[in-house]
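Student: First the structure, then my questions, so here it is.
The values are calculated or read from the model by the stated rules, or taken from the named source; none is laboratory data. What you see is a predicted model; the values in this text were computed from it and never measured. Backbone-built Cβ (ideal geometry, glycine too); neighbour counts: all protein chains shown.
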Amino acid sequence: MPSHALLLLNPGARRGGECREEVLGHLGAFGVTTIEANPDDVTGLGEVIGRHRHEVDRVIVGGGDGTLNGALQGLVDTGLPLAVLPLGTANNLARTLGIPVTLPEACEIAARGRRRRIDLGCVNGHYFFTTASLGLSVRITAELTGESKRRWGPLAYAVAAARVLSRSHPFHAEILYQGKVLHTRTVQIVVGNGRYYGAALAVAEDAAIDDARLDLYSIEVRHWWELLALVPALKWGRHGRKDSVEALRATEFEIRTRTPKDIDVDGEIGARTPAHFQVVPGALEVFAPLAERG
């Protein structure tokens, strides 16, 4: 049966401004007819999705994780399934779902992939796909620019981190979960729903986007150079084994700080502490590869 898709390409994404014709060609070859609508601001994506909800059977979003988050509320409100074209810098949701970065393959999944249900995270009423975090990651996000991401790709995260590491300072936080309270002096707290975030770092070794739980970790180091020793473990999600990292797993968390702290939500500043985090199991349907990618 032919598919009718709402196609949302972010021209500001790393590869979003150069592949429109190629995307249309591939989707057309797979029998997908499209309605194109690309507002200048990704915050308007939800409204666009709502306006076209009765004309399409799926939404195809081309961009990075920030673009996808901009469409998320509209997807939840309409119940339309999501197909991802990874055109951004880190593409952590696509990586989590096993969607390749090559356009022909990604377009084929958008047209013919299997449908699967995934969980969403929610912080103070704001949905997220992969992670919400506070501390060091917020400063890295503030340091990143569209130009640096287009120029350096994923390496831009490392460049930004190098600039802010020496200026990072621990802060006090209170984490409430499962009737317990953890008091921590930390430089970063990450709450993950999916598997990957940032520069393709793993939230936990066995984190999954459909396991109906959240993975939290808090980095408790005194000096910025201690973070360097954690980089290999962070890459593979093994940081929970380190003495300087507190790793927790639950369906809900509450985080309080002495002064309000910004929260990075899927790569964009989207909430502040005090913050309530929860997992919403099976909240969204997505298109994924026919077979799991190893």
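Student: For segment 173-205, name all the residues that are among the β-branched types (Val, Ile, Thr), buried (at least 16 other Cβ atoms within 10 Å of the Cβ) and part of a strand (DSSP E or B). Walk me through it before giving the result.
Tutor: Just the residues of segment 173-205 that are among the β-branched types (Val, Ile, Thr), to begin with: 175, 181, 184, 186-187, 189-191, 203.
Those left that are additionally buried (at least 16 other Cβ atoms within 10 Å of the Cβ): 175, 184, 186-187, 189-191, 203.
Residues satisfying the conditions are 175, 184, 186, 189, 190, 191.
Student: OK, next. Among (1) aliphatic (A, V, I, L, M); (2) buried (at least 21 other Cβ atoms within 10 Å of the Cβ); (3) in a helix (DSSP H, G or I), where does residue 61 come up short?
Tutor: Residue 61 satisfies all of (1) aliphatic (A, V, I, L, M); (2) buried (at least 21 other Cβ atoms within 10 Å of the Cβ); (3) in a helix (DSSP H, G or I) except (3).
Student: Do you know which residues across segment 25-46 are surrounded by 14 or more Cβ atoms within 10 Å (Cβ to Cβ), at pLDDT below 95 and part of a helix (DSSP H, G or I)?
Tutor: 42, 44, 45, 46
Student: So, of the residues in segment 236-294 that are under 16 Å from residue 125 (Cβ atoms) and of a type in the set (Val, Ile, Thr), which turns out to be surrounded by the fewest Cβ atoms within 10 Å (Cβ to Cβ)?
Tutor: 269
Student: How many residues does segment 226-253 hold that are at pLDDT 75 or above, among the charged types (D, E, K, R) and either assigned to a helix (DSSP H, G or I) or closer than 12 Å to residue 189 by Cβ (or both)?
Tutor: 1
Student: Could you check, for segment 105-128, whether at least one of its residues is assigned by TED's automatic domain parsing to the domain that holds residue 71 and acidic (Asp, Glu)?
Tutor: Yes, that holds for at least one residue.
Student: Still on this structure: Which pairs have Cβ atoms under 8 Å, sit 6 or more apart or on different chains, and link a residue in segment 52-68 that is assigned by TED's automatic domain parsing to the domain that holds residue 93 and touching a residue at least 40 places away in the same chain (Cβ under 8 Å) to one that is assigned to a strand (DSSP E or B) and among the charged types (D, E, K, R)?
Tutor: Listed pairs, sorted by first residue: 66/268.
Student: What is the residue count in segment 166-206 for residues that are over 20 Å from residue 260 (Cβ atoms) and out of contact with any Pro (no Cβ under 6 Å at 6 or more places or on another chain)?
Tutor: Keep residues of segment 166-206 that are over 20 Å from residue 260 (Cβ atoms), which gives 166, 177-180, 192-206.
Filter again for out of contact with any Pro (no Cβ under 6 Å at 6 or more places or on another chain), leaving 166, 177-180, 192-198, 200-206.
Count: 19.
Student: For segment 92-109, how many residues meet the condition of being in contact with a helix residue (DSSP H, G or I) (Cβ under 7 Å, 6 or more places away or on another chain), of a type in the set (S, T, N, Q) and either in a loop (DSSP other than H, G, I, E, B) or within 18 Å of residue 21 (Cα to Cα) (or both)?
Tutor: Of the residues in segment 92-109, 0 are in contact with a helix residue (DSSP H, G or I) (Cβ under 7 Å, 6 or more places away or on another chain), of a type in the set (S, T, N, Q) and either in a loop (DSSP other than H, G, I, E, B) or within 18 Å of residue 21 (Cα to Cα) (or both).
Student: With respect to residue 88, determine if the residue is outside any loop (DSSP other than H, G, I, E, B) and of a type in the set (Gly, Ala, Ser).
Tutor: Values: outside any loop (DSSP other than H, G, I, E, B): no; of a type in the set (Gly, Ala, Ser): yes.
No.
Student: Go through segment 38-53 and count every residue that is among the acidic types (Asp, Glu) and touching a strand residue (DSSP E or B) at 6+ places or on another chain (Cβ under 9 Å). Before the answer, list the steps.
Tutor: At the first step, the residues of segment 38-53 found to be among the acidic types (Asp, Glu) are 40-41, 47.
If we keep only those that are touching a strand residue (DSSP E or B) at 6+ places or on another chain (Cβ under 9 Å) too, we end up with none.
So the answer is 0.
Student: Separate question: Of (1) part of a helix (DSSP H, G or I); (2) at pLDDT below 95; (3) outside the structural domain of residue 277 (by TED's automatic domain parsing), residue 75 satisfies all except one. Which?
Tutor: Every listed condition holds for residue 75 apart from (2).
Student: I need every pair where a residue in segment 14-36 that is more than 15 Å from residue 106 (Cα to Cα) has its Cβ under 7 Å from the Cβ of a residue that is modelled with pLDDT under 90 and part of a helix (DSSP H, G or I), sequence separation at least 6 or different chains.
Tutor: 14/149; 14/150
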